[in-house]
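Undergrad: Dropping the structure in here first, questions after.
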Amino acid sequence: MFCLNCLGKMTLNKSPKKILLLSANPRDTIRLRVDQELREIEEVLQNSINRDRFQLIPKTAVRTRDLQQIMLHNQPHIVHFSGHGQGNQGLVFEDIQGITKIVSTKALADLFGLFVSSVECVVLNACYSVEQARAIADHVDYVVGMKQELGDQAAIAYSQGFYRA
């Protein structure tokens, strides 16, 4: 895991922080339990004494062409990606047929560069996503990425611990 700063240092104001959970698991990739991860995050947030400070917005089967529009529409404070990473190549999303489409590290950094005034934290819960985390950190103060392969249970446990904290 690679972490630049932490969620605990983010300032909280009276309006809820929007957590945009983006997940992608194209049909031609190894099946991930992104649905279970979402359920566990929902449960942790619901049981938190700070539950009123966060609003979870799940977006599943995210396609590359939808990314910017989802971000614009939701104006999130926290963006959490659950899916596959391809190291230096980028993160795996779907195209309109549900087939793997890699979004490059540069494209991701450029996307987050458009949201410097709203996005405070990015969590890339995907294997080998450290390069994307480093690039996004040029625009966002708090970024988490993974240095190595990450199994489903470890990814889910990480998410639970992150949001519980």
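Undergrad: Quick one: how many lysine pairs does the chain have with C-alpha atoms less than 30 Å apart and a gap of 8 or more or different chains? Give me the count, please.
TA: Eligible lysine pairs with Cα atoms under 30 Å apart amount to 19.
Undergrad: At 1.4 Å probe size, put E94, E43, E131 in order of accessible surface, largest to smallest.
TA: Heavy-atom accessible area, descending, gives E43, E131, E94.
Undergrad: A follow-up question, please. Enumerate the amide H contacts of F81 below 5 Å, restricted to partners 5 or more residues apart or on another chain; note that Pro and chain-start residues carry no placed amide H.
TA: Correct list: L22, V123, L124, N125.
Undergrad: Give the average over all directions of the projected area of the C-alpha convex hull of region 41-122, one decimal, in nm².
TA: It is 6.0 nm².
Undergrad: Rounded to the nearest 500, what is the chain's calculated 222 nm mean residue ellipticity when only DSSP H runs of at least 4 contribute -39500 (n - 2.57) each, over all residues?
TA: The per-residue figure over the chain is -9000 deg cm²/dmol.
Undergrad: Which entry is the computed Cα Rg over 2.2 N^0.38 Å for this structure: [x] 1.03; [y] 0.94; [z] 1.12?
TA: [y]
The values are calculated or read from the model by the stated rules, or taken from the named source; none is laboratory data. Quantities reported herein were computed from a predicted structural model and do not represent experimental measurements. SASA here: full protein model, heavy atoms, side chains in, ligands and nucleic acids out. Shrake-Rupley method; radii C 1.70, N 1.55, O 1.52, S 1.80 Å.
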